[in-house]
1. Out of all the residues in the stretch 239-251, which are loosely packed, with under 15 Cβ neighbours inside 10 Å and closer than 20 Å to residue 283 by Cβ?
2. Go over the candidates 264, 227, 254 one by one and state the one that is of a type outside the set (S, T, N, Q) and either buried (at least 17 other Cβ atoms within 10 Å of the Cβ) or out of contact with any strand residue (DSSP E or B) (no Cβ under 8 Å at 6 or more places or on another chain) (or both).
3. So how many residues does the stretch 319-341 have that are within 17 Å of residue 44 (Cα to Cα) and of a type outside the set (Ser, Thr, Tyr)?
4. Taking residue 266, is it β-branched (Val, Ile, Thr) and touching a Gly at 6+ places or on another chain (Cβ under 7 Å)?
5. Could you list, in sequence order, the residues of the stretch 31-53 that are touching a Phe, Trp or Tyr at 6+ places or on another chain (Cβ under 9 Å) and either small (Gly, Ala, Ser) or assigned to a loop (DSSP other than H, G, I, E, B) (or both)?
6. Would you mind telling me which numbered condition in (1) β-branched (Val, Ile, Thr); (2) over 30 Å from residue 140 (Cα atoms); (3) touching a helix residue (DSSP H, G or I) at 6+ places or on another chain (Cβ under 8 Å) residue 268 fails?
7. Could you identify the single residue in 235, 215 that is of a type in the set (S, T, N, Q), in contact with a helix residue (DSSP H, G or I) (Cβ under 8 Å, 6 or more places away or on another chain) and closer than 30 Å to residue 335 by Cα?
8. Among the residues of the stretch 246-285 satisfying the criterion of being polar (S, T, N, Q) and touching an Asp or Glu at 6+ places or on another chain (Cβ under 9 Å), which is farthest from residue 117 (Cα to Cα)?
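The values are calculated or read from the model by the stated rules, or taken from the named source; none is laboratory data. Only a predicted model underlies this, so the values are computations on that prediction, with no experimental measurement involved. As a convention, Cβ positions derive from the backbone with ideal geometry for all residues, glycine included, and neighbour counts pool all protein chains shown.
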Amino acid sequence: MNAGKMVFAQVIDCLPKYDFCKCVKRYKGDYNIKTFSCMDQFLCMTFAQLTYRESLRDIEVCLRANRARLYHMGIRSRPSRSTLAYANENRDWRIYADLAQVLIRIAKDLYADEDIGIDVEGEVYALDSTTIDLCLSLFPWADFRKTKAAVKAHTLLNVRGDIPEFIHISDGKLHDVNVLDILVIQAGSYYVMDRAYVDFRRLYRMDQGKATFVTRAKVGFQFKRRYSHSVEKSTGLRSDQTIVLTGVQTQKEYPSTLRRIRYYDTVTERNLIFLTNNFVLPALVIAQLYKLRWRVELFFKWIKQHLRVKAFYGTSENAVKTQIWIAICTYMLVLVLRKQLSLSQSTYTILQFLSVSIFEKTPISMAFSDSDITYRNEMNHNQLLLFDL
């Protein structure tokens, strides 16, 4: 990268400009717009995500304080609070949702060889949702409870690189299991879910789609054992059974056989019962696959702690979805940057560097190199001694 470029511009270099323009044109984002284009809106919101700006006024003050640098950041219009608020409320949020999908495809190729600790063929996905609480008086469209509003982000995380390949943003009332109806099942992939997604009609559809699911069994479901397989109890396994459902409704919804694995977790001192349609993988590998579900919980925790997705700059549905999708785009830009520059540091470390160095002209690759540290250590030897020995 050019040593004369600002850190922010180096991050934006990872953005595929041609694909961004296609997304804008698809939804007529810049139609009849003379100033403050969709690119300006995206850059201002990405700046807010990287530097933890708390409000529209905060964004406006920080950018205007550096107005001489706006052109080098790629921002061609002078940002104001009212202009940004109008853009967030009226520009179609699907522009940034489609842009996120473009970045996801780029990141997926870059992280294709990432090690997940388990040797399985096919992609491994962790499915879950997170709830973002909102104020009912300010967000009346986000139905949840009588005295509280909320939105849910239903996420399918590819654990190979922690890439959110699918995100559906809904109000707080949508039950998790309904997301299986809109999820496109990929044959040969592994879907790891908790008990909230146990619906045998939907799981059978997943089985017919040639995909593997791993989930935990609900308490009290009716079944009949057909076969029992030997297990090595020293590994924590307690049983490995082939079963059929015997419930009046469940046996109609899932007429095929299932695999029931009981595993004792020595860390939590709990017995865990897994259900899967895979009869090929060893039972211990099935238990290890379910353990990867925790990656999506860590993803939610990371996003909420380090990006602006809990406090919003606007109150309309379009503004909320725009901010969430631009936050996802920012996360994906950091992932792509990390791989393209072959950085060994964590995503958290890179994000912290970006937050305090956004206006500097330090090449990002050099900022994390050992040569800079060595240089500083060598300079220390030239300092005078405070005391003579």
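1. Initially, the stretch 239-251 is screened for residues loosely packed, with under 15 Cβ neighbours inside 10 Å, giving 242, 246-249.
Listed by number, the list holds a single entry, 242.
2. Details: 264 fails: either buried (at least 17 other Cβ atoms within 10 Å of the Cβ) or out of contact with any strand residue (DSSP E or B) (no Cβ under 8 Å at 6 or more places or on another chain) (or both); 227 fails: either buried (at least 17 other Cβ atoms within 10 Å of the Cβ) or out of contact with any strand residue (DSSP E or B) (no Cβ under 8 Å at 6 or more places or on another chain) (or both).
That would be 254, the only listed residue that is of a type outside the set (S, T, N, Q) and either buried (at least 17 other Cβ atoms within 10 Å of the Cβ) or out of contact with any strand residue (DSSP E or B) (no Cβ under 8 Å at 6 or more places or on another chain) (or both).
3. Going through the stretch 319-341 one residue at a time, the tally reaches 13.
4. The answer is yes for residue 266.
5. Those that are touching a Phe, Trp or Tyr at 6+ places or on another chain (Cβ under 9 Å) and either small (Gly, Ala, Ser) or assigned to a loop (DSSP other than H, G, I, E, B) (or both): 36, 48, 53.
6. Going through the list (1) β-branched (Val, Ile, Thr); (2) over 30 Å from residue 140 (Cα atoms); (3) touching a helix residue (DSSP H, G or I) at 6+ places or on another chain (Cβ under 8 Å), residue 268 breaks only (3).
7. On the way: 235 fails: closer than 30 Å to residue 335 by Cα.
Only one candidate passes the filter, namely 215.
8. Result: 256.
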